[in-house]
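Read through the structure below, which is laid out as structure tokens, and then see the notes.
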Amino acid sequence: MKLARVTKKGNRSFYIEFLMMTLLPLIICGIVMMMVCSKSIRDTMKSEAEDNLRNVALSVLAAYDQAFPGEYEAAVEDNVIKLYKGGTVISDDCSFIDGLEESSRLEITIFSYDTRMITTLRDTDGNRMTMSVASDRIVDEVFRQRKPTFYDNVSIGGVEYYAYYSPIMKDGGGECIGMIGVAKPATELKNRINRSVMNNIVVMLLAILITSFFITRFANNLVSVVKHMLVFMKSLADNKLDAKLDASVLQREDELGEMGRNLGSLQIALRRLIERDVLTGLFNRRSAEKRLDEIEASGVKYCVSIGDIDHFKKFNDTFGHECGDVVLREVAHLLNEGMNGRDGFVARWGGEEFLLVFENSNIEQAKDALTIIRQALHDKEVEYNGQIHKVTMTFGASEKVPGQPINHLIRAADDKLYEGKQGGRDRILI
């Protein structure tokens, strides 16, 4: 239970860590891109507005120059300031500037010094805002400093405008006699900017959501693969060496798939280490007992045999333990070959003793198989250090009787083996 909790916690932390490594940079990048793009949209649209207002201002001045050739002059007549252009009073008639306003759809004003002489601007009562003055800031920056300037926050009559102001110079540029101002209500342009910014934000958010969806799916698949491997490793840790790793892991062609296949190789190595005898490669006693329990549970009929190498101590004492090991390996190989094509298995039971289990066989069939194996041993010559050794074995066999415990069955076969040893060895007793 403790391992399970750790595994669960590990999965959760890995999943969150993976999402943090992928989604968090994506979200931060998306926010930065939205901010940058939104600023770019605002700057671009303001720049376009500035260019448009400047072009209209130049066009208005050009139109007045064409319609009224000559200099701009301001004069006071009957305590009223009048603006002349080429000797013609232009401040008394606003029809010309109204026509320009209608075609440009912008508010146009011509100043004498800081005073509006001709304008399309009207107050809340609908009256033209002639004789009103520009702000000190505009007068200072445009009129006095003679510098064309764009403003994105000019308030005129309580209304906010984007406006472009340019000084009006006498011919020769020696004297500034006024200004021209072209303005556009800020609300309309700000609404356009806000709509563009919102569209940009929506597109960015959709892109982030779609990307996040695929990243989350990928993360789920990745964590699922890791979870399958963790479950598999826990099974191995719990000694469930017949556990199977999910096929979805093994089918992957990436590093995780390679890790899964390495786990499979590790499982095989562990099974061999735990289930097999290191010297002979046969099942060891522990594995043999487990397989016997499985055969017993299946209900099939079977026989067991205990085989012992005759005079094995002679090989160890006379020729050394290395010779004994060679004999054990050769005998194990012959026993294993003798079981080929038969239901059952062979295991190293201990020392020079071997257990042979014959499934779906009665005692006579088991004896026939042991006879073939015994003959193969007679025909085998074991070579060690240039010397040829003959090896024989004695076998005791017993058939499973319903209700008989496994240990009694093995003891019966062992008793037959002992009887064969006492009777001269190299024989089969059932």
Subset tally (residues that are over 24 Å from N127 (Cβ atoms), under 60 Å from the mean Cα position of the chain (by Cα) and surrounded by fewer than 21 Cβ atoms within 10 Å (Cβ to Cβ)) for segment 151-180: 2
Tell me, which strands (runs of 3 or more DSSP E) lie completely within segment 296-387 with 3 or more residues that are in the same structural domain as A412 (by TED's automatic domain parsing), over 53 Å from the mean Cα position of the chain (by Cα) and at pLDDT below 95? 381-384
Within segment 86-122, the count of residues that are part of a helix (DSSP H, G or I), of a type in the set (S, T, Y) and farther than 24 Å from K147 by Cα comes to 2
Exactly one of (1) farther than 22 Å from A369 by Cα; (2) surrounded by 17 or more Cβ atoms within 10 Å (Cβ to Cβ); (3) of a type in the set (K, R) is unmet by R348. Its number? (1)
Those residues of segment 248-262 which are exposed (fewer than 10 other Cβ atoms within 10 Å of the Cβ) and either in a helix (DSSP H, G or I) or more than 19 Å from the chain's Cα centre (by Cα) (or both), in sequence order: E255
List every residue pair whose Cβ atoms sit under 7 Å apart, with the two residues 6 or more apart in sequence or on different chains, where the first one lies in segment 47-67 and is in contact (Cβ under 8 Å) with a residue 12 or more places away in the chain and in a helix (DSSP H, G or I) and the second, anywhere, is basic (K, R) and surrounded by 15 or more Cβ atoms within 10 Å (Cβ to Cβ). A49/K184; L53/K184; Y64/K85
Just to verify a result, which residue in segment 365-379, among those that are without any contact (Cβ under 8 Å) to a residue 60 or more places away in the chain and of a type in the set (D, E, K, R), is farthest from H333 (Cα to Cα)? D368
Leading residue by the ranking (nearest to G344 (Cα to Cα)) among those in segment 301-326 that are surrounded by fewer than 18 Cβ atoms within 10 Å (Cβ to Cβ) and touching a residue at least 12 places away in the same chain (Cβ under 8 Å): K301
Which of the residues spanning segment 182-239 are touching a Phe, Trp or Tyr at 6+ places or on another chain (Cβ under 7 Å) and closer than 26 Å to I268 by Cα? L222, V223, V226
Given the criteria free of Cβ contacts under 8 Å to residues at least 60 places away in the same chain, within 16 Å of T280 (Cα to Cα) and of a type in the set (A, V, I, L, M, F, W, C), does L335 qualify? yes
Residue, surrounded by the fewest Cβ atoms within 10 Å (Cβ to Cβ), within segment 40-64, restricted to residues that are among the basic types (K, R) and closer than 18 Å to R192 by Cβ: K46
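The values are calculated or read from the model by the stated rules, or taken from the named source; none is laboratory data. Keep in mind the model is a prediction, meaning the values are calculated, not measured. Glycine gets a Cβ as well: all are built from the backbone with ideal geometry, and neighbour counts include every protein chain shown.
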